[in-house]
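Chemist: Take this structure first; my questions come after.
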Amino acid sequence: MELKNLVLGPVSTNCYFLINKETKETIIIDPADRADRIIEKLSGEQLMPVAILLTHGHFDHIMAVEEVGSTYSIPYYIHETDAELMEDPDLNGSFLLNRDIAAKRDRVLKDKDILNLAGFSIEVIHTPGHTAGSVCYYIPDEKALFSGDTLFCNSVGRTDLPTGSDTVILASIEERLLPLPEDTRVYPGHGMMTTIGHEKENNPYLRRQW
């Protein structure tokens with residue numbers, strides 16, 4: 001696995017490029033904004049995109065999804081519960097920019113789905129709380145977790161937007177993420193990489209003692 005990223009959009013969202021080093025097949029995770037920069041990155045590094053994965057439907061994670069998807073004729077995936085949120089500017093946080101931002105659903109996911117893309121086996125972990133349909137993408141063979149806005153380094157996602165819940169997000173993290181191996185690298189939707197072990201020991205929002 002090779003991983004690259006761009007920081008894009010009005011709230012500095014991480015857009016990840018998950019690359020098969022042998023084939024150059026690439027999965028794009030959360031194409032946040034600036035489709036032109038994403039396309040330039042793919043072209044400049046001679047990468048071959050095969051799919052887009054969305055961790056949730058907030059505006060700052062979807063602004064380039066339709067343009068990038070149509071440019072390469074590749075599918076994009078979102079949890080079934082967040083498909084409606086993605087399509088509705090009143091739900092997806094667009095009001096924070098005083099804009100109407102939305103994307104139409106393409107392919108929908110359920111908890112525990114396994115995606116075989118670009119030579120990777122990717123487990124869908126439903127982690128509601130930031131939004132009702134937030135998911136994390138876990139690649140056991142690579143010890144990698146793409147956590148969207150559920151889990152950050154020393155923090156957790158906000159819960160004051162539509163379908164968010166502080167009780168639910170903490171339960172999602174403690175029940176679905178913290179049991180993963182401690183050396184699992186966590187790549188969040190904003191900010192720096194962390195590990196499950198670090199969050200167990202240092203995240204002030206997590207109540208359970210490990």
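Chemist: With +1 on the Cβ of every Lys and Arg and -1 on the Cβ of every Asp and Glu, and nothing else charged, how large is the dipole of the chain about its Cα centre, in debye rounded to the nearest 20? Write out the running numbers ahead of the final one.
Modeler: Numbers: 19 positive and 33 negative charges, 64 e Å.
With only Lys, Arg, Asp and Glu charged at Cβ, the dipole is about 300 debye.
Chemist: Run the quick spin-label model on MET192 and THR23: label points 7 Å from Cα toward the beta carbon, then report their separation in nm to one decimal.
Modeler: 3.4 nm
Chemist: Heavy atoms only, 1.4 Å probe, whole protein assembly: order MET1, MET192, MET86 by accessible area, highest first. Walk me through the numbers before you get to the answer.
Modeler: Working: MET1 50, MET192 125, MET86 0 Å².
Result, largest first: MET192, MET1, MET86.
Chemist: First obtain the Kirkwood hydrodynamic radius of the range 51-133 from its Cα pairs, then insert it into the Stokes-Einstein equation at 20 °C and 1.002 mPa s, and state the resulting D in µm² per second as a whole number.
Modeler: 164 µm²/s
Chemist: If you don't mind, another one. Put +1 on the Cβ of each Lys and Arg and -1 on the Cβ of each Asp and Glu in the chain; which of PRO31, TYR205, ILE74 then has its Cα farthest toward the positive end of the dipole?
Modeler: Final value for the positive-end residue is TYR205.
Chemist: How large is ³J(HN,Hα), in whole Hz, for each residue of the range 43-55 in order, when computed from phi with the Karplus curve 6.51 cos²θ - 1.76 cosθ + 1.60 and θ = phi - 60°, using x for Gly and Pro?
Modeler: Listing the rounded values in order: 5, x, 9, 6, 8, 10, x, 10, 6, 10, 10, 10, 7 Hz.
Chemist: Let me ask something additional. Quick check: with the 1.4 Å probe, what order do VAL135, VAL156 take by accessible area, largest first?
Modeler: Working: VAL135 0, VAL156 20 Å².
So the residues, ranked largest to smallest area, are VAL156, VAL135.
Chemist: Just to be sure I understand: if I project the alpha-carbon convex hull of the range 133-210 onto a plane and average over all orientations, what area do I get in nm²? Display every interim value, and only then the final one.
Modeler: Working: hull surface 19.0 nm².
In nm², the orientation-averaged hull projection of the range 133-210 is 4.7.
Chemist: Got a number for the accessible area of THR167? Probe 1.4 Å, square angstrom, nearest 10.
Modeler: Answer for THR167: close to 90 Å² accessible.
Chemist: Once phi is turned into θ = phi - 60°, what whole-Hz ³J(HN,Hα) does the Karplus curve with 6.51, -1.76 and 1.60 give for every residue of the range 3-10, x standing for Gly and Pro?
Modeler: Values per residue, Gly and Pro as x: 10, 10, 8, 10, 9, 9, x, x Hz.
Chemist: Kirkwood Rh, the chain, all Cα pairs: how many Å? Intermediate results must be reported in sequence, preceding the final value.
Modeler: Numbers: mean 1/r = 0.0594 Å⁻¹.
One decimal place: 16.8 Å for the Kirkwood radius.
Chemist: Quick one: putting +1 on the C-beta of Lys and Arg, -1 on the C-beta of Asp and Glu, what dipole do you get for the range 85-210 around its Cα centre, in Debye to the nearest 20?
Modeler: Details: 13 positive and 19 negative charges, 6 e Å.
About 20 debye.
Chemist: May I pose another question? How would ASP33, ASP100 rank on accessible area, largest to smallest, probe 1.4 Å?
Modeler: So the residues, ranked largest to smallest area, are ASP100, ASP33.
Chemist: Under 14 Å from a point placed 7 Å out from the Cα of ARG107 along the Cα-to-Cβ direction: which residues of the range 37-63 have their backbone N that close?
Modeler: What the label zone holds, given the 14 Å backbone N cut-off, is 49-54.
Chemist: Sticking with this structure for a sec: Spin-label point model (7 Å from Cα, Cβ direction): what's the ASP160 to ASN116 distance in nm?
Modeler: Placing both labels 7 Å beyond Cα along the Cβ direction yields 4.6 nm.
The values are calculated or read from the model by the stated rules, or taken from the named source; none is laboratory data. All values reported here derive from a predicted model rather than from experimental measurement. Virtual Cβ from ideal backbone geometry, glycine too; neighbours counted across all protein chains shown. Ligands, DNA and RNA are stripped out before the accessible areas are found, and what is left, the full protein with its side chains, is counted by its heavy atoms. Shrake-Rupley method; radii C 1.70, N 1.55, O 1.52, S 1.80 Å.
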